[in-house]
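The values are calculated or read from the model by the stated rules, or taken from the named source; none is laboratory data. Owing to the predicted nature of the structure, the values given are computational and were not obtained by experimental measurement. A quick note on method: Cβ atoms are made from the backbone with ideal geometry, for glycine too, and the neighbour counts reach across all protein chains shown. Quick note on the areas: whole protein, heavy atoms, side chains included, nothing else; ligands and nucleic acids left out. Shrake-Rupley method; radii C 1.70, N 1.55, O 1.52, S 1.80 Å.
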Amino acid sequence: MKAFLTLIAVVFFGTLAMAQNPSKEVKVETITMEITLDIEIKETNSMKNEVARLYKFKNSRIKKALAFRTKKNRSKLA
């Protein structure tokens, strides 16, 4: 019974909310203005040689440092 009354109340208040007259939208006048761009782009072709290191070997120092394990992380044999 309580669920039925709650449902009726929700439907009733929902229809009341939808029945309200919404305020009309106020139209705003827009102003158009011309824009001129005075931008000079200077292109510089400087070849920078940047090196990215790729470690092939599993025993490299970086990979070892990133994949470290402590004694407590290891699984124990029961």
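In degrees from 0 to 90, rounded to the nearest 10, what is the angle of the helix 2-19 Cα long axis to the longest principal axis of the chain?
Helix 2-19 sits at roughly 80 degrees to that axis.
Take the solvent-accessible surface of the protein heavy atoms, probe 1.4 Å, and return the percent of it on the chain that carbon and sulfur atoms account for.
59
Express the accessible area of segment 4-54 per residue in Å², computed with a 1.4 Å probe while the remaining protein chains stay in the model.
126
Per DSSP helix of 4 or more residues, -39500 (n - 2.57); summed, then divided by the residues of the chain. What does that give at 222 nm, rounded to the nearest 500?
-9500 deg cm²/dmol
Would you work out the charge dipole size for the chain about its Cα centre, treating the Cβ of every Lys and Arg as +1 and the Cβ of every Asp and Glu as -1, and quote it to the nearest 20 debye?
Roughly 2000 debye for the chain.
Out of these labelled values of log10 I(q)/I(0) by the Debye sum over Cα atoms at q = 0.15, 0.23 Å⁻¹, (1) -0.43, -1.04; (2) -0.96, -1.11; (3) -0.80, -0.96, which was calculated from the coordinates shown here?
(2)
Using +1 at the Cβ of each Lys and Arg and -1 at the Cβ of each Asp and Glu in the chain, identify which of L77, I35, N49 lies farthest towards the dipole's positive end.
It is L77.
Charges only on Cβ, +1 for Lys and Arg, -1 for Asp and Glu: so what's the dipole of segment 13-54 about the Cα centre, in debye to the nearest 20?
For segment 13-54, the charge dipole is close to 340 debye.
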